[in-house]
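**Student:** Mind looking over this structure? Questions follow.
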Amino acid sequence: MKHRGVLFFIFSFFILVCATTGFAQTAPKRVIIDTDPGTDDAMAIILALNSPELKVEALTVVPGNVDGRQGLENALRIVSLAGRCDVIVAGGAQHPLNQKLITAQFWHGKNGIAGVELPPTKCKADSRFGPDLIIEMVHKYPREITLIPVGPLTNIALAVSKDPSIVTLVKDIVIMGGSITGGNVNGAAEANIYGDPEAAQIVFNAGWMVTMVGSDVGERTLITRKYLAELQSSHGLESDFIAKIADFYLTRSEKSGYSGAAMYDPLAVGIVIDATLVTLKEMHVDVETKGEFTRGETVANRMGSNENNVLHGDHYEIDGVVPLTPNARVCVASDAGRFLQLFVSRVKGK
């Protein structure tokens, strides 16, 4: 009995030390990645699957970089390569809500993953419709699921429109999309938002606080030849795959005048792993759906208010301002070096 008392004391002391020093492991965050794989999507998925901070519950596939059929095949082959057939993979919408699909093989290769032919998948697609799966899992794990959409927002908009109650049940939503300093498909719009502006407007105005990782910050978070060399320095199924697509992506970016390749989608996953990798600022964001030159632009109000114009006779006069409620935490800067070291180390299995 005396020895039991000593052991109990030691065990209790150990638990106390763990709690006060942060040694004790917190439960991983449950995430659903909504994706249009995509070279940088593949990087984001492999980063997530190799990060103990995250529990990837599902991949839902949306058309964007490639069509929905190719995207589903790519997602299945990626999780199969990673030996993760436990991750649910489900197809979703096959086209945007209100326009024709725009795909991006120019940037991502004919098959969307730099022309790399992965082995046939050992994993099977789930029969559920992606938006329905999102609804089901959010209800199964209320206030535990973080959504990470890294493609057009069609699936998320469909889920919210079908079941608005999920808005209060989602722990967080971190999107890769938009920009507050100009677009990457034209002067105004970023590709994922441009791919389905109506869906994006639904998502930004659903009633939750969107964390927005825009193309402007992605383009200041560049994978370069230095980091590619680190990836190529060790060999494994996943690191070799990522090195190949990174090389393709870098070469394409360099030919277009960039010094490196923008880590758009991986950065969105990165900040779910570690929010200190970026600087966020609360703003109200709307999506332009009608402009001739600005369709798909994320219009961010950085002042937090609009001028109030009051009619006086034949003209309006400014009469103070109308405060706006923020609906987004907008990423305005990233610690690029620290993120890229995290990315490379995880892909290499460290």
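**Student:** Any idea which of Ile78, Ile10 is more than 25 Å from Lys100 (Cβ to Cβ), part of a helix (DSSP H, G or I) and modelled with pLDDT of 95 or more? It would help to see each step written out before you state the result.
**Tutor:** On the way: Ile10 fails: modelled with pLDDT of 95 or more.
It is Ile78.
**Student:** Here is a follow-up. Would you confirm, using the coordinates I've provided, whether Val322 is farther than 29 Å from Phe106 by Cβ, without any contact (Cβ under 8 Å) to a residue 24 or more places away in the chain and not polar (S, T, N, Q)?
**Tutor:** Details: farther than 29 Å from Phe106 by Cβ: yes; without any contact (Cβ under 8 Å) to a residue 24 or more places away in the chain: yes; not polar (S, T, N, Q): yes.
Against the criterion (farther than 29 Å from Phe106 by Cβ, without any contact (Cβ under 8 Å) to a residue 24 or more places away in the chain and not polar (S, T, N, Q)), Val322 qualifies.
**Student:** Any residue that is in contact with a strand residue (DSSP E or B) (Cβ under 7 Å, 6 or more places away or on another chain), in contact (Cβ under 8 Å) with a residue 12 or more places away in the chain and either of a type in the set (Gly, Ala, Ser) or buried (at least 18 other Cβ atoms within 10 Å of the Cβ) (or both) - is there at least one of those in segment 116-123? Reasoning before the result, please.
**Tutor:** Of segment 116-123, the ones in contact with a strand residue (DSSP E or B) (Cβ under 7 Å, 6 or more places away or on another chain) are 123.
Subset that is in contact (Cβ under 8 Å) with a residue 12 or more places away in the chain: 123.
From what's left, either of a type in the set (Gly, Ala, Ser) or buried (at least 18 other Cβ atoms within 10 Å of the Cβ) (or both): 123.
Looking for residues that are in contact with a strand residue (DSSP E or B) (Cβ under 7 Å, 6 or more places away or on another chain), in contact (Cβ under 8 Å) with a residue 12 or more places away in the chain and either of a type in the set (Gly, Ala, Ser) or buried (at least 18 other Cβ atoms within 10 Å of the Cβ) (or both), one finds at least one in segment 116-123, hence yes.
**Student:** Would it be correct to say that Pro96 is modelled with pLDDT of 95 or more, touching a helix residue (DSSP H, G or I) at 6+ places or on another chain (Cβ under 7 Å), under 13 Å from Gly112 (Cβ atoms) and not charged (D, E, K, R)?
**Tutor:** Values: modelled with pLDDT of 95 or more: yes; touching a helix residue (DSSP H, G or I) at 6+ places or on another chain (Cβ under 7 Å): yes; under 13 Å from Gly112 (Cβ atoms): no; not charged (D, E, K, R): yes.
For Pro96, the condition - modelled with pLDDT of 95 or more, touching a helix residue (DSSP H, G or I) at 6+ places or on another chain (Cβ under 7 Å), under 13 Å from Gly112 (Cβ atoms) and not charged (D, E, K, R) - is not met.
**Student:** Restricting to segment 127-152, name every residue that is in contact (Cβ under 8 Å) with a residue 60 or more places away in the chain, more than 20 Å from Glu53 (Cα to Cα) and not small (Gly, Ala, Ser).
**Tutor:** Those that are in contact (Cβ under 8 Å) with a residue 60 or more places away in the chain, more than 20 Å from Glu53 (Cα to Cα) and not small (Gly, Ala, Ser): Pro131, Leu133, Ile134, Pro152.
**Student:** Which members of segment 283-306 meet the condition of being touching a residue at least 12 places away in the same chain (Cβ under 8 Å), loosely packed, with under 13 Cβ neighbours inside 10 Å and charged (D, E, K, R)?
**Tutor:** Across segment 283-306, the qualifying residue is only Arg302.
**Student:** Going by what's in this entry, would Arg302 be described as more than 17 Å from the chain's Cα centre (by Cα) and modelled with pLDDT of 95 or more? It would help to see each step written out before you state the result.
**Tutor:** Values: more than 17 Å from the chain's Cα centre (by Cα): yes; modelled with pLDDT of 95 or more: no.
So Arg302 fails the test.
**Student:** Shifting gears a bit: Just the residues that are more than 23 Å from Ala104 (Cα to Cα), within 17 Å of the chain's Cα centre (by Cα) and not hydrophobic (A, V, I, L, M, F, W, C), please, taken from segment 145-169.
**Tutor:** Thr146
**Student:** For segment 20-27, check the following and say yes or no: at least one residue is hydroxyl-bearing (Ser, Thr, Tyr) and in a helix (DSSP H, G or I).
**Tutor:** Pass one, segment 20-27, residues hydroxyl-bearing (Ser, Thr, Tyr): 20-21, 26.
Of the ones still in play, those that are also in a helix (DSSP H, G or I) are 20-21.
There is at least one residue in segment 20-27 that is hydroxyl-bearing (Ser, Thr, Tyr) and in a helix (DSSP H, G or I).
**Student:** Collect the residues in segment 75-102 that are closer than 21 Å to Phe129 by Cβ, touching a residue at least 40 places away in the same chain (Cβ under 8 Å) and polar (S, T, N, Q), keeping them in residue-number order.
**Tutor:** Matches in segment 75-102: Asn98, Gln99.
**Student:** Name the strands (runs of 3 or more DSSP E) wholly within segment 304-350 that hold at least 1 residues that are in contact with a Phe, Trp or Tyr (Cβ under 9 Å, 6 or more places away or on another chain) and within 26 Å of Phe204 (Cα to Cα)? Break it down into steps so the answer makes sense when it comes.
**Tutor:** On the way: elements: 305-312, 315-323, 328-334.
In segment 304-350, 305-312, 328-334 are the strands (runs of 3 or more DSSP E) which contain 1 or more residues that are in contact with a Phe, Trp or Tyr (Cβ under 9 Å, 6 or more places away or on another chain) and within 26 Å of Phe204 (Cα to Cα).
The values are calculated or read from the model by the stated rules, or taken from the named source; none is laboratory data. This structure is a prediction, so every number in the text was calculated from the model and none was measured. Don't worry about glycine lacking a Cβ; one is built from the backbone with ideal geometry, like all the others, and counts go over all protein chains shown.
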